[in-house]
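Let me begin by presenting the structure, written as structure tokens, before commenting on it.
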Amino acid sequence: MVPSAVISRLILGAALILSADDSKIPSFFFTIGWLSFLSAFIVLIMGRERINNFLNWLEGRPPLILRLWMVIGAAFGGSIIYGVL
């Protein structure tokens with residue numbers, strides 16, 4: 001799980017940074033790209049056991065908090081789509 005998570009975050013970060021100049025919101029793409037790089041290194045440092053512990057902890061949160069987290073993710077996804085189109 002960890003290697004694929006790191007590789008996908010690095011690819012996403014590189015794609016966002018490289019496409020930032022061509023997007024409608026370059027500062028957003030640039031920032032999210034670097035945050036993606038940062039998250040790749042955090043995942044790498046955390047390791048499989050800590051990530052599994054975090055996911056188990058996250059499963060215990062109330063459904064409202066999980067739904068709010070999903071809305072935030074959808075907003076980021078919508079911003080990326082807006083920036084590309």
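Values in this text are rule-based calculations from the coordinates and carry no lab data. Everything numeric here is computed off the predicted structure, so don't read it as measured data. When we count neighbours, we look across all protein chains shown, and the Cβ atoms used for this are built from the backbone with ideal geometry, even at glycine.
Descriptive notes on the structure:
- Sorting 4-11, 61-68 by their mean Cβ neighbour count within 10 Å, with the most densely packed peptide first, gives 4-11, 61-68.
- Shape category assigned to segment 2-84 from the gyration tensor of Cα positions, a/c cut at 1.5: oblate
- Ranked packing of 74-85, 14-25, most packed first, by mean Cβ within 10 Å: 14-25, 74-85
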